[in-house]
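> This is the structure I have questions about; it appears just below.
The values are calculated or read from the model by the stated rules, or taken from the named source; none is laboratory data. Keep in mind it's a predicted model, so treat the numbers as computed, not measured. Counting neighbours? That spans all protein chains shown, and the Cβs are built from the backbone with ideal geometry, glycine included. Please note that ligands, DNA and RNA were not included when accessible areas were found on the heavy atoms of the full protein model with its side chains. Shrake-Rupley method; radii C 1.70, N 1.55, O 1.52, S 1.80 Å.
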Amino acid sequence: MSVAPAIPLVRPRNVSIFGTLVGAVLVVMTASLFLGSNPIAPATVLHALLDPLSDGDAIVWGSRVPRTLLGVLVGCCLGVAGAVMQGQTGNPLADPGLFGVSAGASLAVVLGVYVIGVNSPVLTLAMALLGAVVASVIVFGVAAMGRGLSSPVPLAIAGTAVTALLGAITSFLVLTDQETLEAYRIWVVGSLSGRTLDGVGPVLIFVAAGLICAAANVRSLNNLALGTEMARGLGESLLRARLVGLGAITLLTAGAVALAGPIAFVGLTAPHVARALVGGNHYRLLPASGLVGIVALLACDVLGRLIGGQAEVAVGVVLAALGGVMFVLIVRRTKLAAL
């Protein structure tokens, strides 16, 4: 009996697409370093990059380099988390924030200011990271008490319920304390501006663990795309597949939210763009989604700097405006595909 040849994962077209994506990442990184609300001559920026002790050190190394590196990290995390999320739930409109990660981080930041007066960026980052992880654990626990984790439906319902509850508590706290409201207002918009690399070390551990879980979940995601019954027939442990995938989503989204606040639409749209470029095989889809996420986040961040003048427009606001249009297009495309 002849065996059908395996479809190669590496094709000339795929190589050219990934080469283009890497090139696009380098372009937006360069734009992020050279463009900003403070006009600096390109030669001055280049001199500051090559000589950290030059006059451009304060802006280039103090602001643009950190926010560029954070943009790469956050964009990659959200892109990969979105691809895993959509693969796990089978829902093309799923977003990593569905599991209450962003809501948990928001509540933790608010509690930090309201209860103990946290005003340090490092402590705020730590509180956001802790809150994101705790919220996801609560969602997993609530779902496990029902039909279990083998199905994505209890997780989606539990995530929606926990997100609504945490959001209500957060709203109550910020409306009763002006100082808490001010801190929350600045953090919740989602921005790379004013962020530093202080305290990023522990977050990198979370991100690395999340990327490892995502890579370990690739085969399961491809099997789940065939349907749960087919996946079982292929010897897939649905419970293990869910746990590993949800671990990846939690760790990656928690890291991204802790670093830049709750940034929407990157995790939703990046996998769709990547899927259109490289197809649905998750061996290609996950890295492509990470690269697209980086390009989208940094491009919107640069756009916000240029259109906002000295005030700047936070990347979360730019993404909300552009992401809303993309969301409508995705919904329309999904409906048309279902006809």
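> Among the residues in segment 212-228, are any closer than 19 Å to residue 125 by Cβ and open to solvent by 10 Å² or more (accessible area, probe 1.4 Å)?
The answer is no, given that none of the residues of segment 212-228 is closer than 19 Å to residue 125 by Cβ and open to solvent by 10 Å² or more (accessible area, probe 1.4 Å).
> Sticking with this one: For segment 273-299, how many residues meet the condition of being over 14 Å from the mean Cα position of the chain (by Cα) and open to solvent by less than 30 Å² (accessible area, probe 1.4 Å)?
5
> Quick check on segment 203-217. Is at least one of its residues at pLDDT below 90 and in contact with a Pro (Cβ under 7 Å, 6 or more places away or on another chain)?
Among the residues of segment 203-217, not one is at pLDDT below 90 and in contact with a Pro (Cβ under 7 Å, 6 or more places away or on another chain), which makes the answer no.
> For segment 141-163, enumerate the residues that are at pLDDT 80 or above and either buried (at least 17 other Cβ atoms within 10 Å of the Cβ) or not β-branched (Val, Ile, Thr) (or both).
Just the residues of segment 141-163 that are at pLDDT 80 or above, to begin with: 141-142, 157-163.
Residues satisfying the conditions are 141, 142, 158, 159, 161, 162, 163.
> I would also like to ask the following. Please work out if residue 208 is within 27 Å of residue 130 (Cα to Cα) and open to solvent by 30 Å² or more (accessible area, probe 1.4 Å).
So residue 208 passes the test.
> Further question: Can you pull out the residues in segment 277-309 that are free of Cβ contacts under 8 Å to residues at least 40 places away in the same chain and assigned to a helix (DSSP H, G or I)?
300, 303, 304, 307
> Let me ask something else about it. Small (Gly, Ala, Ser) and over 17 Å from the mean Cα position of the chain (by Cα), is that true of residue 143?
yes
> Among the residues in segment 172-184, are any touching a helix residue (DSSP H, G or I) at 6+ places or on another chain (Cβ under 9 Å), modelled with pLDDT of 85 or more, open to solvent by less than 20 Å² (accessible area, probe 1.4 Å) and not polar (S, T, N, Q)?
yes
> I'd like to know if segment 42-56 contains one or more residues that are assigned to a helix (DSSP H, G or I), in contact (Cβ under 8 Å) with a residue 12 or more places away in the chain, surrounded by fewer than 18 Cβ atoms within 10 Å (Cβ to Cβ) and not aliphatic (A, V, I, L, M).
Yes, that holds for at least one residue.
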